[in-house]
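Structure record follows, encoded as structure tokens.
The values are calculated or read from the model by the stated rules, or taken from the named source; none is laboratory data. Owing to the predicted nature of the structure, the values given are computational and were not obtained by experimental measurement. Here Cβ is always computed from backbone atoms with ideal geometry, including for glycine, and neighbour counts include all displayed protein chains. For accessibility, only protein heavy atoms count, side chains too; no ligands or nucleic acids. Shrake-Rupley method; radii C 1.70, N 1.55, O 1.52, S 1.80 Å.
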Amino acid sequence: MQNFTIATIPGDGIGKDIIKSAIELVDLSSEIIGGFKCEWEMIDAGAEYYSKNGTDVEPQGEDRINEADSIFLGAIGLPSVRYEDGTEICPHLRFREMFSLYAGVRPVKAYPNITNRLSNKLSSKIDLVILRESTEGLFYTAAVHNRCPVDNNDEVQDIMRITRNTTEKLHDFAFKLARQRKKKGKLGKVTCVDKANVFRSQAFFRKIFDERKTNFQDIQSDHCYVDAMALNLIRNPWEYDVMVMENMFGDILSDLGGGLVGGMGMASCAEIGDNHGLFQPAHGSAPDIMGQDKANPLATILSSTLMLDYLADKNNCSNAAKSSKLIETAIEVGFQKNKLRPMEFGGDMGTQAITKELMDLLKDTNVQKEALN
Ligand code: IPM
Ligand code: MG
């Protein structure tokens, strides 16, 4: 039996409910598949914690996170709670920096029967990944709180930082991801999304892309300016596969991507570094619907499948990969058969109903056969 310690941060708002839902599903799928188990080690952090304690993570929390096999996070932030300089409570931005989680993997995949925002039939084929650099770029001055204190009332600057070290690793990650996806029958192409016509830092980002691509001759590649990419994501998103970009561009386009496939309730996210991985939905804590059993837990559940794949790769644990496949298949079948109807898309199912339905699908031997064949 392989045991994995998961540093688990439910966080704020709907974070607490959606993380519970994902944990139930991962536990059930690991029981069904066997051979491994996740130990969920709870860590208190976030805006509510900050308002009571004046710090955004419990004592020794970061050490425990550092030692865990992976980090699993619900959602953090409450509109009424701010740091002293007025910005949002976001220890997870600091974790990205602390644990060098440079590769922000944000899949955008269309599932059947979800109200698609685009009328073109080809939108059912959308299956791409936004790879968002997550430690530098235009988030550099934001990543560690107060790195650049605002000390006057006339001018404030943020910096777009692009380093060779991180960018080489990021582009290599993009090409390797495209290679893995190609093996699964997907397009297997990388698009470098930048603003190389205007910013020196972005010309540098593109230059490194062109250097690294020579090591991946089997993978197609192209470039696109970020403004044109916003257009193409609406016009022909099904023609893209892996798209690699700096931090802020990725933050913006990944929300656009969520909108393309229904909403942020489908927007999963993995933040991966050389030694750590953090998994969380890309959406916020939605305090307006917290505690009402209305939240769509699927972005978190999909993030847990990314986590299982990561644990599988890192620890050579094929059972974790099978468990991920089982959950993904249950979601696919659930939408195909119209058994998953999140309130987010006008349906009648809240967090608990979706969780219960997915648990039934996991236990369904036909779903198991489809997933494991
Ligand atoms: C995201 C979020 C965060 C970000 C916020 C909550 C700090 O929007 O993960 O996309 O800007 O990175
Ligand atoms: Mg965002």
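Taking every DSSP helix (H) stretch of at least 4 residues in the chain, weighting each as -39,500 (n - 2.57) and dividing the sum by the residue count yields a mean residue ellipticity at 222 nm of -13500 deg cm²/dmol.
Split the accessible area of the stretch 116-261 by element, probe 1.4 Å, and carbon with sulfur accounts for 50%. All C-alpha to C-alpha distances of the chain, sorted into 10 Å bins beginning at zero, yield P(r) values of 5, 24, 34, 27, 9, 1, 0 percent in whole numbers.
Going through the cross-link list Lys125/Lys182; Lys109/Lys186; Lys109/Lys195; Lys16/Lys37, which pairs have a Cα-Cα distance over 18 Å in this structure?
From Lys125/Lys182; Lys109/Lys186; Lys109/Lys195; Lys16/Lys37, over 18 Å: Lys109/Lys195; Lys16/Lys37.
By a 1.4 Å probe calculation restricted to protein chains, Lys125 has an accessible surface near 130 Å², given to the nearest 10. Each Lys and Arg adds +1 at its Cβ and each Asp and Glu adds -1 at its Cβ; summed about the Cα centre, the chain shows a dipole of about 1720 debye. For the stretch 25-32, the Karplus equation 6.51 cos²θ - 1.76 cosθ + 1.60, evaluated at θ = phi - 60°, returns couplings of 6, 5, 4, 5, 5, 6, 5, 5 Hz by residue, with Gly and Pro reported as x. Loop sites here are GluC sites (Glu not before Pro) outside DSSP states H, G, I, E and B with no more than 16 other Cβ atoms within 10 Å. The longest part of the chain free of them is 156-373. The aspartates and glutamates whose alpha-carbon is closer than 12 Å to the alpha-carbon of Lys213, local same-chain residues fewer than 8 away aside, are Glu168, Asp172, Asp222.
Dipole size of the stretch 16-80 about its Cα centre, with +1 on Lys/Arg Cβ and -1 on Asp/Glu Cβ: approximately 200 debye, rounded to the nearest 20. When only Cα pairs below 8 angstrom with a gap of at least 6 residues are kept, the stretch 116-261 shows a relative contact order of 39 percent.
Label point of Leu122 set 7 angstrom out along Cα-Cβ; within the stretch 228-272, amide nitrogens under 18 Å from it belong to 228-243, 257, 260-261. The DSSP beta bridges internal to the chain are antiparallel in roughly 35% of cases. Only Lys, Arg, Asp and Glu carry charge here, each on its Cβ (+1 for the first two, -1 for the last two); on that basis the stretch 278-373 has a dipole of about 220 debye about its Cα centre.
Annotation: the antiparallel percentage among DSSP beta bridges lying fully within the stretch 116-261 is about 5.
Evaluating 6.51 cos²θ - 1.76 cosθ + 1.60 at θ = phi - 60° for every residue in the stretch 342-354, the Karplus couplings come out as x, 4, 3, 9, x, x, 10, 10, x, 4, 5, 5, 5 Hz, glycine and proline recorded as x.
Placing unit charges on the Cβ atoms of the charged side chains and taking the dipole of the chain about its Cα centre, the candidate lying farthest along the positive direction among Cys224, Gly35, Ile18 is Cys224.
Residues in the stretch 364-373 carry Karplus couplings, in order, of 6, 5, 5, 5, 4, 4, 4, 6, 9, 6 Hz; the curve used is 6.51 cos²θ - 1.76 cosθ + 1.60 with θ = phi - 60°, and Gly or Pro positions show x. What is the stretch 187-260 by shape, rounded, prolate or oblate, if you read a ≥ b ≥ c off the alpha carbon gyration tensor as root eigenvalues and call it rounded for a/c under 1.5, prolate for a/b larger than b/c, and oblate otherwise? Because a/c hits 1.5 or more and a/b fails to exceed b/c, the stretch 187-260 counts as oblate. Considering only Thr329, Leu170, Gly86, the residue lying farthest towards the positive end of the dipole of the chain is Thr329, judged by Cα position with unit charges set on Cβ.
Sort the stretch 116-261 into rounded, prolate or oblate with this rule: let a ≥ b ≥ c be the square roots of the eigenvalues of the Cα gyration tensor; rounded if a/c is under 1.5, and if a/c is not under 1.5, prolate when a/b is larger than b/c, oblate otherwise. Oblate, since a/c reaches 1.5 and b/c is not below a/b. Rolling a 1.4 Å probe over the protein heavy atoms gives the chain an accessible area of 44 Å² per residue. Backbone N atoms of the stretch 71-105 closer than 20 Å to the 7 Å Cα→Cβ label point of Ser51 belong to residues 74-93.
Only protein atoms count toward the accessible area here, which uses a 1.4 Å probe; on the stretch 323-373, the carbon and sulfur part of that area reaches 45 percent.
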